[in-house]
Amino acid sequence: MTTKKLPIRSMYVAPKGKVLCGFDLSAAEAWIVAYLANDSNMKRELAEGDIHSFSATGIFDIPVDLNIPGKSKYKHVPDEQRYVGKKMNHAGNYRTGPFKIAEFINKEGIITISVADAKRFHAKWLATFNLQNWWSEIDYIASTTRTMTTTYGFRRKFWGIYGDDLKKEMTAFEPQSTVADHMHGAVHPELGIRGGNLAIFSDIVLPSKGEIVMCNTAHDSVMLEVPKTLVSEVIPQVVSLLRRPLVVKGEEFTIPVDAEVGERWKEMEKVKV
């Protein structure tokens, strides 16, 4: 006899008369990486294309006409290959090696690859995006001051042994820290625009006097319990507080926001925002 495993999130159900409204910053860390590395391919695909499909076209040598706007130019990219592109983007940005990449891709059982495959995919991915200058900047800091400061002014000193592990830790620091600060509600010193979870709580949750509950937060997302009658009013308010610009290396950009609604977590449907 076998028992079906249910995701814990699917067991979280909204109280009677309410629904769950979830919001997250779409591909947030990838946006930060794109501007830290000043990679034109990443910037373009995040803004107007599909970065995971684009990654797949490079890895699997799939022809693509970049003159066609939007995601439609990637309709011929198979789902399994897009999945590999997605996993490579997540792993490659932070300098993950082939052994871990193979483990990362195989974990969900969608496709199985060998370490030799991972090495080949990795080499193709490195030729699709240019992160080398950004990584070199980090390597120099790792060998000298070991101190990094994010666009939100968060400063961190790294104390690990000099080597690949330290470099990988320092590479992940700024994208992850910046997304967390942006989502939480840090005010960018160059822009002075408030927002994020702090503003959602003070502007929407507190004034509702218990009707709206902030039931979950993560480094790039937030979920609210909202009365069904208020959903159409609350969603645009939350999105407006999350969709705010920031500046990285002198360039201003805005990370898109995704929203979904439903009575049960993990069974929610995306809504247009």
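The values are calculated or read from the model by the stated rules, or taken from the named source; none is laboratory data. Here the structure is a predicted model, which means the values were calculated and not measured. All Cβ positions, even for glycine, are placed from backbone atoms using ideal geometry, and neighbour counts span all protein chains on display. Note: accessible area is taken over every heavy atom of the protein model, side chains too, but ligands, DNA and RNA are not part of it. Shrake-Rupley method; radii C 1.70, N 1.55, O 1.52, S 1.80 Å.
For the list (1) on the phi > 0 side of the Ramachandran plot; (2) open to solvent by 60 Å² or more (accessible area, probe 1.4 Å), I need the number of the one condition that ILE8 fails.
(1)
Here are the criteria: (1) more than 20 Å from the chain's Cα centre (by Cα); (2) closer than 26 Å to VAL247 by Cβ. Tell me which single one PRO63 does not satisfy.
Single failed check for PRO63: (2).
So that you can scan it fast, the table gives a plain yes or no per residue for (1) within 17 Å of the chain's Cα centre (by Cα); (2) within 25 Å of PRO245 (Cβ to Cβ):
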{"position": "VAL179", "(1), (2)": "yes, yes"}
{"position": "ALA186", "(1), (2)": "no, yes"}
{"position": "PRO189", "(1), (2)": "no, yes"}
{"position": "ASP203", "(1), (2)": "no, yes"}
{"position": "SER208", "(1), (2)": "no, no"}
{"position": "GLU211", "(1), (2)": "no, no"}
{"position": "MET214", "(1), (2)": "no, yes"}
{"position": "THR217", "(1), (2)": "yes, yes"}
{"position": "MET223", "(1), (2)": "yes, yes"}
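If you go through segment 124-151 one residue at a time, how many are part of a loop (DSSP other than H, G, I, E, B), surrounded by fewer than 18 Cβ atoms within 10 Å (Cβ to Cβ) and in contact (Cβ under 8 Å) with a residue 60 or more places away in the chain? Step through it out loud before you land on a result.
As a first pass, look at segment 124-151 and keep what is part of a loop (DSSP other than H, G, I, E, B): 129-131, 144-146, 150-151.
The next check asks that each one be surrounded by fewer than 18 Cβ atoms within 10 Å (Cβ to Cβ); those that pass are 130, 144-146.
Keeping just the survivors that are in contact (Cβ under 8 Å) with a residue 60 or more places away in the chain gives 130.
Number satisfying all stated conditions: 1.
Among all residue pairs at least 6 apart or on different chains, which show Cβ distances below 7 Å where the first residue, located in segment 253-273, is without any contact (Cβ under 8 Å) to a residue 12 or more places away in the chain and the second is basic (Lys, Arg) and surrounded by 15 or more Cβ atoms within 10 Å (Cβ to Cβ)?
THR254/ARG243; THR254/ARG244
Select from segment 37-59 the residues that are open to solvent by less than 30 Å² (accessible area, probe 1.4 Å), of a type in the set (A, V, I, L, M, F, W, C) and either out of contact with any Leu (no Cβ under 6 Å at 6 or more places or on another chain) or closer than 13 Å to VAL84 by Cβ (or both) and list them in ascending order.
MET42, LEU46, ILE51, PHE54, ALA56, ILE59
Quick one: in segment 141-177, which of the residues that are under 15 Å from the mean Cα position of the chain (by Cα) and not polar (S, T, N, Q) is nearest to PHE23 (Cα to Cα)?
This residue is PRO175.
Among SER10, SER40, SER53, which is closer than 30 Å to LEU230 by Cα and among the polar types (S, T, N, Q)?
Details: SER40 fails: closer than 30 Å to LEU230 by Cα; SER53 fails: closer than 30 Å to LEU230 by Cα.
Result: SER10 is the single residue among SER10, SER40, SER53 that is closer than 30 Å to LEU230 by Cα and among the polar types (S, T, N, Q).
Does ILE193 satisfy being open to solvent by 50 Å² or more (accessible area, probe 1.4 Å), touching an Asp or Glu at 6+ places or on another chain (Cβ under 9 Å) and among the aliphatic types (A, V, I, L, M)? Don't jump to the end; show me each part of the working.
Values: open to solvent by 50 Å² or more (accessible area, probe 1.4 Å): yes; touching an Asp or Glu at 6+ places or on another chain (Cβ under 9 Å): no; among the aliphatic types (A, V, I, L, M): yes.
Here the answer is no, as ILE193 does not meet what is asked.
Would a scan of segment 200-213 turn up a residue that is touching a strand residue (DSSP E or B) at 6+ places or on another chain (Cβ under 7 Å), hydrophobic (A, V, I, L, M, F, W, C), within 27 Å of GLU45 (Cβ to Cβ) and surrounded by 17 or more Cβ atoms within 10 Å (Cβ to Cβ)?
Step one: of segment 200-213, the residues touching a strand residue (DSSP E or B) at 6+ places or on another chain (Cβ under 7 Å) are 200-201, 205, 211-213.
Then keep just the ones that are hydrophobic (A, V, I, L, M, F, W, C); that gives 200-201, 205, 212-213.
Within this subset, residues satisfying the condition of being within 27 Å of GLU45 (Cβ to Cβ) are none.
Within segment 200-213 (the criterion being touching a strand residue (DSSP E or B) at 6+ places or on another chain (Cβ under 7 Å), hydrophobic (A, V, I, L, M, F, W, C), within 27 Å of GLU45 (Cβ to Cβ) and surrounded by 17 or more Cβ atoms within 10 Å (Cβ to Cβ)), the answer is no, since none of the residues qualifies.
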